[in-house]
1. What list of ³J(HN,Hα) couplings, whole Hz, do you get for the stretch 308-313 from phi and the Karplus terms 6.51, -1.76, 1.60, once you set θ to phi - 60° and write x for glycine and proline?
2. Going by average Cβ density within 10 Å per residue, which order do the peptides 23-34, 369-380, 442-453 take, highest to lowest?
3. Could you do me a favour and compute the accessible area per residue for the chain, 1.4 Å probe, result in Å²?
4. How much mean residue ellipticity at 222 nm does the chain get from its helices, if each DSSP H run of length 4 or more adds -39500 (n - 2.57) and you divide by all residues, to the nearest 500 deg cm²/dmol?
5. Only sites in a loop by DSSP and with at most 16 other Cβ atoms within 10 Å count here; which trypsin sites (Lys or Arg not before Pro) in the stretch 394-440 make the cut?
6. Run the dipole for the chain about the Cα centre, Lys and Arg Cβ at +1, Asp and Glu Cβ at -1, nothing else charged, and hand back the magnitude in debye, nearest 20.
7. Say R0 is 45 Å: what FRET efficiency, to the nearest 0.05, do Y489 and K459 get from their beta-carbon distance?
8. Output the pairs from K292/K348; K133/K435; K430/K450 with a Cα-Cα distance over 19 Å in this structure; if there are none, say none.
Amino acid sequence: GTRSAVLNTEARTVEADVLSRRCVMMRLVDFSYEQYQKALRQSAGAVVIILPRSISSVPQDVVRQFMEIEPEMLAMETIVPVYFAVEDEELLSIYEQTRAASASQGSASAAEVLLHTATANGFQMVTSGAQSKAINDWLIPSVEGRLTGLGGEDLPTVVIVAHYDSFGVAPWLSHGADSNGSGISVLLELARLFSRLYTYRRTHAGYNLLFFASGGGKFNYQGTKRWLEDNLDHTDSSLLQDNVAFVLCLDTLGRGNSLHLHVSKPPKEGTLQHAFLRELEMVVASQFPEVKFSMVHKKINLAEDMLAWEHERFAIRRLPAFTISHLETHRDSLRNSIMDRRARIDTKALTRNTRIIAEALTRVIYNLTEKGAPADLQIFTDQMQIQQEQLESVMDWLSSQPRAAQLIDKDSTFLSTLEYYMGRYLKDVKQHHVKADKRDPEFVFYDQLKQVMNAYRVKPAIFDLLLAVCIAAYLGVAYVAVQHFGLLYKMIQRLSLKTKQQ
């Protein structure tokens, strides 16, 4: 990404022949990686990408193209500031005027180009902020809560995890509807459903349920990493140290007609995680035949800097874990894009996926298959049904705000609301904080993620040059004229004196 934030350059569009030390303006509908590279190769002073008011109105081929480009933009380090701005009438007017001025530079006549350049109005783009600086004491918060099982102290624990933060090329535009607003929505709905089951003694299961909304998921799951360290290495007693049945991670569940269970190691037959896999297969086959379900096995590659899925953090600590997602691969560009907006969420698919997970999880916890319950038994019906309206309202809330880790601290409104929501259904709800190691930081965040940019209407520099030449010429002519007038005046005076003498 970019390492600079300060901007004070003249505006141009990519149609201009010379982009050096200019602020290059591009509209998303016309954006291409070749144009972006052209601006960087010509040492542009800055790049401003103009986004439409509604991403949902952008053609899907344009959205897909940009989502494919985003990882390249993030992976490429450049000193050129790259800004994103949402279009309005004034900004579009500036863009159109700048494009007209840029396009005219390709005229055949050099004289016309010079004349137009000298007389045209331009825009100077100036930011009011300072250069970006590293924030060394930023905290990444997470929230945990639990439902305690019935029947003794040494009960098996099922851990349900979803990271709440979003990611994209611009933090303030990263709303992360599917990745991972959908995962948090399912986690909260599961918390609501099982809190009702655990309220009554006859439906109170013999399993502890531990819910964890993790932060820093897009930064190699830093919240989960430190949470595991604190619970496994730095404490004498925790649910994670005892009998963990399995860890279920929820990620990108808001659309599509497929579900994939991602595992680092295939579950062994006879284990509870294998039972959960079988229950998922059975629920999908008997109740939702339109859904394509499969298990995806991928070994952990410790040579890579970034882990593929959140369950790998648990697998490294030898805890049985898997991630359920509608994505078949972790490399899908949807997981890290500013194009991941609310309009891309299929609420019916989200509700269906929530029900599949809830049904399978309930069958495992209550051992319903072994007790002879039919495969097509629908558990969550009537008053206990999945509430689609609830899921919609939670998704609206989550996707209405950017949730990049750089924007959410322990005092943010989003985090306090999430903590309150979890507190309605769970016990012992509390925050867990992660701070980067100063000696060897795992992540470094910067400020100046949003700037006010002013556009000043100015004449181009060549206009000042031509004006200076004209003024100099005028003064030169005036000087010569004055000199000639003085000589003429002296000659007239001499002639007048001679006449008088005669």
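1. Ordered by residue, 3J(HN,Hα) equals 6, 9, 5, 5, 5, 4 Hz.
2. Working: 23-34: 17.8, 369-380: 12.4, 442-453: 14.9.
Ranking, from highest mean packing down: 23-34, 442-453, 369-380.
3. Numbers: 24570 Å² over 502 residues.
Accessible surface, normalised per residue, equals 49 Å².
4. Numbers: 12 runs with 183 residues, N = 502.
Computed mean residue ellipticity for the chain: -12000 deg cm²/dmol.
5. On the way: sites: R403, K410, R424, K427, K430, K435, K438, R439; in loops: R403, K410, K438, R439.
Answer by residue number: K410, K438, R439.
6. Details: 54 positive and 57 negative charges, 337 e Å.
Once rounded to the nearest 20, the dipole reads 1620 debye.
7. Details: r = 40 Å, r/R0 = 0.88.
For R0 = 45 Å, the calculated efficiency reads 0.70.
8. Details: K292/K348 16 Å; K133/K435 17 Å; K430/K450 30 Å.
Violating the 19 Å Cα-Cα cut-off are K430/K450.
The values are calculated or read from the model by the stated rules, or taken from the named source; none is laboratory data. Bear in mind that the values here come from a model prediction, so they are computed numbers and not experimental data. We place every Cβ from the backbone using ideal geometry, glycine too, and count neighbours over all the protein chains shown. Just so you know, the surface numbers come from the protein's heavy atoms only, side chains and all, with ligands and any DNA or RNA stripped out. Shrake-Rupley method; radii C 1.70, N 1.55, O 1.52, S 1.80 Å.
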